[in-house]
Amino acid sequence: MCVQCRNRVVSLKVPNRTLSEMKSAVNSKLLERKTFTGLAYLLRDIVICLLLVFIVEHLHGYILHVALTTPRFKHALNILDCCIWVLYFWFQSLTFTGLWIIAHECGHGAFSPSSLVCNAFGFITHTALGTPYFSWKYSHTLHHKFNGHIEKDQHMIPHLRVNQQNNHAEDRTYLQTLIESMEDTPILLILKTILHQLLGFQAYLVLNISGPAGYPWWTSHLNPWSKIFHRKHLLGVIASDLGLMAWVLFLYDFQKQAGLQRLLLLYIIPWLLLSHWITMIVYLQHTDPIIPHYRMTDWKYAPAQLATMDRDFLGWQGRFFLHHISSTHVVHHIFPKLPFYHAEEATRQLRILLGTDYNYCETPAFRALWNNIRLCTYVDDNDEVLLFRDKNGKLMKERILQ
């Protein structure tokens with residue numbers, strides 16, 4: 001944990017900020033949305049995506065040709081080929097994520113002043129990346145409305161344990177103790193993390209995993225009658241489902257024409273890594289020992305919008321490919337319609353006002369992920385403000401002060 005976060009933990013208090021106070025701290029000109037600028041960034045990411053496909057296919061073909069003509073270098077060329085594909089997976093997944101983020105901007109209305117333009121480009125882009133655009137847009141609006149609410153927030157909701165004072169070690173069965181001790185072993189934590197990273201986003205969309213516990217078991221972003229949605233959302237959810245069905249049929253046809261291997265290499269693997277990046281980004285934005293959650297009686301809209309964390313995510317790659325989504329998330333919760341290309345300047349202005357109420361962590365992203373998986377196990381219902389505890393029931397403040 002970085003020094004700034006350690007100091008913030010020890011002196012943690014609920015921010016006493018009003019929405020009007022925070023909005024007045026940012027120049028209103030930064031809220032201007034320009035359709036041309038949004039389209040330029042979208043086109044840039046599409047060009048990068050296609051360019052990466054062009055480069056990897058030509059390099060792969062050239063390496064195969066050289067391997068056939070000079071068999072003595074076959075093994076070295078196979079290794080080189082694998083390295084090229086790994087680089088492709090990394091940068092193409094980041095490009096996919098950047099496109100996904102632009103569609104996320106469309107869902108907020110930050111892409112263009114025109115809702116028609118936002119919905120058209122957002123629907124096409126999210127559908128091509130396997131996300132039900134309108135369905136996710138509706139639930140994500142609820143997330144912004146109830147950020148930090150232990151019951152009404154929509155994703156990355158912490159596990160709530162009740163009556164921890166009665167859960168002493170002597171009351172646990174041998175099986176419970178064995179399972180809990182195994183859960184903290186490095187190999188199981190790594191396997192659990194990999195599964196969570198690759199499938200977590202799909203599990204949330206399809207099965208409501210990490211969503212509100214009070215929703216019925218059949219809750220899904222693919223179900224128009226889920227509790228997530230109102231009756232007015234019916235057509236949007238159906239349109240999202242039909243879009244995904246059409247996209248699956250397109251991929252099936254592509255697979256028949258080009259082969260399953262080509263589909264896996266060019267699209268499926270980068271798509272799985274896209275899911276990893278989205279899951280990791282959202283998890284680190286809303287899961288940290290210093291990020292509080294609130295009950296119904298204590299939750300207030302303005303302070304709860306500050307219950308998120310800005311991070312320097314992957315350095316220049318996060319800034320270029322991911323459009324500052326991790327380093328400007330606090331200001332995004334105050335101004336959901338703020339275009340991402342103005343978010344850095346808006347963050348600088350808001351940070352002056354917030355001072356120590358602004359949450360920022362400079363810990364490298366993958367180290368922060370590993371730390372938070374171990375330290376943010378659950379929140380205790382007995383706490384006044386719900387802060388993450390580790391598996392032994394300790395708050396980060398208690399660990400530091402020891």
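The values are calculated or read from the model by the stated rules, or taken from the named source; none is laboratory data. Being a predicted model, the structure only gives us computed values, none of them experimental. Please note: Cβ atoms are built from the backbone with ideal geometry, for glycine as well, and neighbour counts cover all protein chains shown. In case anyone asks, the SASA skips ligands and DNA or RNA and just uses the protein heavy atoms, side chains included. Shrake-Rupley method; radii C 1.70, N 1.55, O 1.52, S 1.80 Å.
Here are a few things to note about the model shown:
- Residues that are of a type in the set (A, V, I, L, M) and in contact (Cβ under 8 Å) with a residue 60 or more places away in the chain within the stretch 322-342 comprise L322, I325, V331, I334, L338, listed in sequence order.
- In the stretch 297-355, residue nearest to the chain's Cα centre (by Cα) [restricted to those that are within 20 Å of C118 (Cβ to Cβ), among the aromatic types (F, W, Y) and in a helix (DSSP H, G or I)]: F340
- Residues located in the stretch 109-129, provided they are open to solvent by 30 Å² or more (accessible area, probe 1.4 Å) and aromatic (F, W, Y): F121, F123
- Pairs, first within 17 Å of R161 (Cα to Cα) in the stretch 278-303, second basic (K, R) and open to solvent by 10 Å² or more (accessible area, probe 1.4 Å), C-beta under 9 Å, six or more apart: P289/R389; P289/K397; P289/R399; Y294/K300; M296/K152
Residue-wise test of (1) in contact with an Asp or Glu (Cβ under 9 Å, 6 or more places away or on another chain); (2) at pLDDT 95 or above.
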residue: L94; (1), (2): no, yes
residue: N119; (1), (2): no, yes
residue: Y133; (1), (2): no, yes
residue: T141; (1), (2): no, yes
residue: L160; (1), (2): yes, no
residue: A169; (1), (2): no, no
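- Checklist (1) within 28 Å of the chain's Cα centre (by Cα); (2) at pLDDT 95 or above; (3) open to solvent by less than 90 Å² (accessible area, probe 1.4 Å) applied to P15, failing item: (2)
- Unmet requirement for P224, which otherwise passes all of (1) closer than 16 Å to Q202 by Cβ; (2) open to solvent by less than 30 Å² (accessible area, probe 1.4 Å); (3) touching an Asp or Glu at 6+ places or on another chain (Cβ under 9 Å): (1)
- If you filter the stretch 202-216 down to residues that are open to solvent by 50 Å² or more (accessible area, probe 1.4 Å) and out of contact with any strand residue (DSSP E or B) (no Cβ under 8 Å at 6 or more places or on another chain), you find that the one that is farthest from F229 (Cα to Cα) is I209.
- Filter result for the condition that a residue is surrounded by fewer than 18 Cβ atoms within 10 Å (Cβ to Cβ) and assigned to a helix (DSSP H, G or I), over C106, C82: C82
- Assessment of the stretch 139-149 against the conditions (among the aromatic types (F, W, Y) and farther than 28 Å from Q261 by Cβ) yields at least one matching residue.
- Residue list for the stretch 227-253, filter: in contact (Cβ under 8 Å) with a residue 12 or more places away in the chain, over 16 Å from F123 (Cβ atoms) and open to solvent by less than 100 Å² (accessible area, probe 1.4 Å): I228, F229, L251
- Only a single criterion out of (1) within 26 Å of T97 (Cα to Cα); (2) open to solvent by 60 Å² or more (accessible area, probe 1.4 Å); (3) at pLDDT 95 or above is not satisfied by I190, namely (3).
- On the stretch given as the stretch 58-87, residues that are free of Cβ contacts under 8 Å to residues at least 60 places away in the same chain and either among the acidic types (D, E) or under 19 Å from I268 (Cβ atoms) (or both) total 6.
- Any chance R311 is in contact with a strand residue (DSSP E or B) (Cβ under 9 Å, 6 or more places away or on another chain), under 21 Å from F96 (Cβ atoms) and surrounded by 20 or more Cβ atoms within 10 Å (Cβ to Cβ): yes
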